[in-house]
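Asks: Could you have a look at this structure, given as C-alpha cells, before my questions?
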Amino acid sequence: MAERIQAGERQLNLIVALMATEIGLTKQQILESVSGYRQRNEGRSDALEKMFERDKDDLRDLGVPIETIGDSADPNDLREARYRIPKAEYDLPADISFTPAEVAVLALAGSVWSEGSLSKDATTGLRKIRALGIEVDEPIIGFAPRMTVREPSFAPLRDAIEACRVVAFDYLKPGEETPRRRTVRPLALVDYEGRWHVAAHDVDADGHRMFLLSRIVGDVLPTRKGFDPELRVGAGERAMQSLREVAERNRALLEVTPGSEAALRLARRGTPAVQGIHVPFVDLHIFADELASYGPEVRVVEPPALREAVIERLRSALAVHTEAGGAA
Amino acid sequence: MSKMVTPDLVTLYLTLVPYLLERGEVSVVEAARDFDVSPAQMRSMVEKLTVIGMPGEDDYFQMPNEMFDINWDLLDEQDVIEITQSVGLERSPRLTAREAAALIGGLRLAASLPGVAGGEVLAGLLAKLSRGAASAPAEVVVVPEPVDAVRTLVSQALRDQVALSFTYRRPDSEPTTRTVDPVKVIVTEGQWYLQGWCHLRRAMRNFLLERVSDPRLTGIPIAHGHEPVPGLFEPGDDDEIAVVRFADELAPLVGDYLSGAETTTAGGITTARLRVSDARTLKRLAARRAGRVEVLEPAGARRAAADWAAEALALYGESS
C-alpha cells in the first residue's frame with residue numbers, strides 16, 4: 001500500500017510527526033520512522049537527506065513553523081539538531097474567533113481579487129477560517145468590489161515588504177527620458193483611485209516616497225540588505241495620510257461646462273469656488289491625462305504647471321489627428 | 001480538474017482535516033464544493049488520508065490508532081465523510097502572511113462600501129487577521145473614496161430592493177431619465193457601476209455612477225432582478241467598428257476598449273479594430289493619451305478627435 005508514497009503524503013506525515021513530539025526528532029529518527037522516508041531508507045542516505053531538506057523548505061514556505069533545536073554549545077552544528085513544530089505557533093490561536101457577520105464580510109473580502117495568485121491566497125486563507133466551523137450569515141449580495149493588479153511588480157514588492165528586504169528598481173518619471181534606479185525599503189502597498197503605489201523609504205534620498213507601480217520599469221531586484229520591521233508599523237496609515245495631504249496641497253481651479261461629462265465626474269471630488277471648482281489631485285500627470293480627455297468641457301485656471309501639461313497633451317493630440325494618414 | 005501540485009495539496013489537507021472534524025459528517029459533494037475540487041478528487045483525498053499517521057517501524061507493525069481513519073462504510077454506502085480517528089492537525093493552521101495580506105486588502109476595499117462593515121468591525125477583523133498570521137503580513141491598504149449622495153442612495157435601493165430613477169448622461173449624448181431595478185454595484189479600478197434592469201431599454205444595463213445625477217427611490221419593488229447580466233465591457237448589438245493605432249507598450253493604457261478587439265502588431269505598433277457604441281467618443285481617449293493612441297477610422301471619429309483638441313486649445317487662446 002505504501003510503496004509509492006507521494007510527496008504530499010510524505011510531507012503530511014512529517015508534519016504529524018513533528019507536531020507530536022515535544023523534544024523534537026533528529027534527522028536520523030525522521031528518516032528511519034516517518035512514512036515516505038523510512039520505506040526508502042536503505043543504503044546511501046544523501047538523496048534522502050536532500051529530500052528531507054527540500055520538504056522542510058517547502059513546508060516553511062507554506063507557513064508551517066518548523067523549529068530547529070541545535071547544539072547549544074555550537075548553534076552552527078546541525079548534525080545532532082532536533083526538529084519540531086510548536087503547536088502554539090502552528091495553530092490558529094484558540095482565542096481568535098469570528099462572528100457569522102464577520103465571516104460574511106470576509107467572504108466578500110476574499111472575492112475581490114481578479115488576479116490568479118492573490119485570489120488563491122484569499123481563498124485558502126478564508127477556508128482556514130471557515131474550517132473553524134462558524135455559522136455564516138446570509139452572504140452580502142448586491143456588491144461586487146473587484147481589485148485588479150496588472151503590474152508585475154506587485155508580488156515581488158509584497159514579498160519584500162513581508163521579508164523586510166531592501167529592493168531596487170528602475171523608475172520612469174513622466175517627462176524624463178530614461179528611468180532612474182531607486183533603492184528603497186518597501187513598507188506598504190497602497191491603492192489610491194484604482195492605482196497601486198508602494199510606500200517606501202528611499203535609501204539614497206533618505207526620505208519617504210510613494211512610487212506608482214505602473215512606472216516601475218523591468219524587474220524588482222531584491223538586495224542582500226534587510227531593514228528593521230519597526231519601520232513597517234503604521235506605514236499604510238501614514239501613506240494614506242500623506243496622500244491626503246498632497247491632494248490638499250495640489251488643489252486645481254477649474255472651469256467646467258455644466259452638465260458635461262467633466263462636470264459630472266469632477267463634481268464628486270471637488271468643492272465649488274467663486275469661479276469654477278477646486279479639485280484636489282495627487283499626481284499632476286495623471287490628472288492632466290484625465291483633464292485632457294474632457295477637451296473643451298474643462299479649462300484649467302491654475303496651477304500653471306497643470307495648465308501647461310493639459311495644453312501639451314491637447315497640442316499633441318491635435319497634431320497627430322490632423323496629419324494625413326487617417327485613411328490608412 | 002488537473003492534478004494538484006504538492007504545496008496546494010498539503011495546504012488543502014491541513015484545512016480539510018479540521019473542517020471535517022468540526023462538522024462530524026459531511027457529504028462528499030458538499031466537501032468537494034467547499035474545497036473547489038471534483039467529488040472524485042475529494043473521495044480520493046479522503047481515502048489517502050488513511051495513509052497519514054505517526055512515525056513507526058514499518059507498515060505492518062504500525063498501530064491502527066496511530067493513523068488517520070475514516071468511516072469506510074459511510075463513505076462507500078452513503079458518500080458521506082466522517083473521520084473516526086485523528087492523529088493531529090485538529091486545529092486550523094495559521095494563515096500565511098500572503099493569505100492574510102490578500103484578505104486584508106480585500107477587506108479594506110469591501111469596508112469602503114456603504115453599509116458593508118463599520119469601523120469597529122473593520123478594525124476588529126484587521127487585528128484578528130494580523131494576529132492569526134504565521135508572520136506579519138505586508139500591509140495592503142485601499143484609500144477610501146469619498147462616498148457621495150448617489151452612492152449612498154444606490155446602496156439604499158439595493159438593500160430595500162426597490163427601483164430608483166435618475167438622470168443618466170452618456171458622454172456626447174442627451175441626458176435621459178432612467179428607472180432601474182438595481183441588481184449589483186460593481187466597483188473596479190476606482191469606478192462604480194450599477195448593474196440593473198432598465199425600464200426604458202427593457203434590458204439589463206450597466207451604469208457608471210459618476211454619470212448618474214438626481215437619484216430618487218421610487219418605492220416600486222424590483223421585478224427583473226434575475227435576468228442575465230451583460231459583462232461590463234461587452235459589445236452591444238449596434239456597435240460601430242473603429243480602428244486605432246498605438247505603440248505596443250501602451251496597450252494597458254487602452255485598457256477595456258481592447259476586450260473583444262482584433263489586434264495586429266508590426267514593428268512595435270499595434271493596430272486594433274475595436275467595437276464601440278459611438279466611435280466619436282474615442283476623441284476622449286485620444287486626448288487623454290496625447291495622441292499616442294491615434295484614431296484612424298472611421299474618418300468622422302478621426303476628425304472628431306482633432307476638433308475636440310482644437311476646441312479645447314481655443315479655450316487657452318490657441319487657434320488652429
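Asks: Using mean Cβ contacts within 10 Å as the protection proxy, how do A:88-100, A:154-166 order, highest first? Can you show the working numbers first?
Replies: Values: A:88-100: 14.5, A:154-166: 20.8.
Highest mean packing first, the order is A:154-166, A:88-100.
Asks: Taking the Cα centre as origin and putting +1 on Lys and Arg beta-carbons and -1 on Asp and Glu beta-carbons, what dipole magnitude results for region A:250-322, to the nearest 20 debye? Please report the intermediate quantities before stating the final value.
Replies: Numbers: 8 positive and 9 negative charges, 25 e Å.
Using Cβ point charges on Lys, Arg, Asp and Glu, region A:250-322 gives about 120 debye.
Asks: Between A:Arg150 and B:Trp72, what FRET efficiency comes out of the Förster formula 1/(1 + (r/R0)^6) with R0 = 45 Å and r the beta carbon distance, rounded to 0.05?
Replies: With a Förster radius of 45 Å, E is 0.35.
Asks: Return the sequence-ordered ³J(HN,Hα) values of region A:26-41 in whole Hz as given by the Karplus equation 6.51 cos²θ - 1.76 cosθ + 1.60 applied to θ = phi - 60°, using x for Gly and Pro.
Replies: Using θ = phi - 60°, the values come out as 7, 4, 4, 4, 4, 5, 7, 10, 7, 5, x, 9, 4, 5, 9, 7 Hz.
Asks: Take every Cα pair under 8 Å in region A:7-90 that's 6+ residues apart, average their separations, divide by the length, and report that relative contact order as a whole percent.
Replies: Values: 96 pairs, mean separation 29.6, N = 84.
Answer for region A:7-90 is 35 percent.
Asks: Pulled fully out, how much extra length does the chain show between B:Arg273 and B:Arg201, if you take 0.36 nm times their separation in residues and subtract their Cα-Cα distance?
Replies: 23.2 nm
Asks: On C-alpha positions alone, give me the angle between the axis of helix B:97-111 and the longest principal axis of chain B, in degrees, nearest 10.
Replies: 50 degrees
Asks: I would also like to ask the following. Contact order normalised by length for chain A, with contacts defined as Cα pairs under 8 Å and 6 or more residues apart; what percent is it?
Replies: RCO, chain A: 9 percent.
Asks: Another question, then. Please list 3J(HN,Hα) in residue order for region A:219-224, calculated via the Karplus relation 6.51 cos²θ - 1.76 cosθ + 1.60 where θ = phi - 60°; whole Hz, with x for glycine and proline.
Replies: 7, 8, 9, x, 10, 7
Asks: Which one of A:Pro304, A:Ser119, B:Leu194 has its Cα pushed farthest toward the positive end of the charge dipole of the protein assembly as shown, where Lys and Arg give +1 and Asp and Glu give -1 at the Cβ?
Replies: With unit charges placed on the Cβ atoms, the residue in question is A:Pro304.
Asks: Taking 7 Å along the Cα-to-C-beta vector as the label spot, tell me the B:Glu311-B:Thr264 distance in nanometres, rounded to one decimal.
Replies: That separation, rounded to one decimal, is 3.3 nm.
Asks: Which shape class applies to the protein assembly as shown: rounded if a/c is under 1.5, otherwise prolate when a/b exceeds b/c and oblate if not, where a ≥ b ≥ c are the square roots of the Cα gyration tensor eigenvalues?
Replies: prolate
Asks: When the Karplus curve 6.51 cos²θ - 1.76 cosθ + 1.60 is applied with θ = phi - 60°, which whole-Hz ³J(HN,Hα) does each residue of region A:57-66 get, with x for Gly and Pro?
Replies: 5, 4, 5, 4, 4, 7, x, 7, x, 8
Asks: Could you work out the mean count of beta carbons from other protein chains within 10 Å of each residue's beta carbon in A:307-314?
Replies: So the per-residue partner count for this stretch is 5.
Asks: Now a separate question. Divide by every residue of chain B the summed helix terms, -39500 (n - 2.57) for each DSSP H run of at least 4, and state the resulting mean residue ellipticity at 222 nm, rounded to the nearest 500 deg cm²/dmol.
Replies: It lands at -10500 deg cm²/dmol.
Asks: In debye to the nearest 20, how big a dipole does the protein assembly as shown give about its Cα centre with +1 on each Lys and Arg Cβ and -1 on each Asp and Glu Cβ?
Replies: Magnitude of the dipole: close to 2060 debye.
Asks: Still on this model: Quote the FRET efficiency, to the nearest 0.05, computed for B:Met4 versus A:Arg40 with a Förster distance R0 of 25 Å and r equal to the Cβ-Cβ distance. Please report the intermediate quantities before stating the final value.
Replies: Numbers: r = 23 Å, r/R0 = 0.91.
Working from the Cβ atoms, E equals 0.65.
Asks: Additional query: Specify which residue in the list B:Leu9, B:Asn71, B:Thr84 is farthest towards the positive end of the charge dipole of region B:6-85, using unit charges on the beta carbon of Lys, Arg (+1) and Asp, Glu (-1), about the Cα centre.
Replies: The residue sitting farthest along the positive end of the dipole is B:Leu9.
Asks: Give me the percent relative contact order of region B:172-320, please, defined on Cα pairs under 8 angstrom at least 6 residues apart. The partial results should precede the final answer.
Replies: Working: 216 pairs, mean separation 24.0, N = 149.
16 percent.
Asks: Just subtract the alpha-carbon distance of A:Thr68 and A:Thr178 from 0.36 nm times their residue separation and send over the number in nm, one decimal.
Replies: Full extension from A:Thr68 to A:Thr178 adds 34.8 nm.
Asks: Fewest Cβ neighbours within 10 Å first, please rank B:Asp73, B:Asp160 accordingly.
Replies: B:Asp73, B:Asp160
Asks: Taking Cα atoms, how many degrees apart are the long axis of helix A:154-163 and the longest axis of chain A, rounded to 10 and kept between 0 and 90?
Replies: 50 degrees
Asks: Given +1 on the Cβ of Lys and Arg, -1 on the Cβ of Asp and Glu, and no further charges, what dipole in debye does chain A carry about its Cα centre, rounded to the nearest 20?
Replies: I would put it at about 400 debye.
Quick note: the coordinates plus some simple rules give every number you see, no bench work behind them. Please read all numbers here as calculations on a predicted model, not as lab measurements. Every residue, glycine among them, receives a Cβ derived from its backbone with ideal geometry; neighbour counts consider all protein chains shown.
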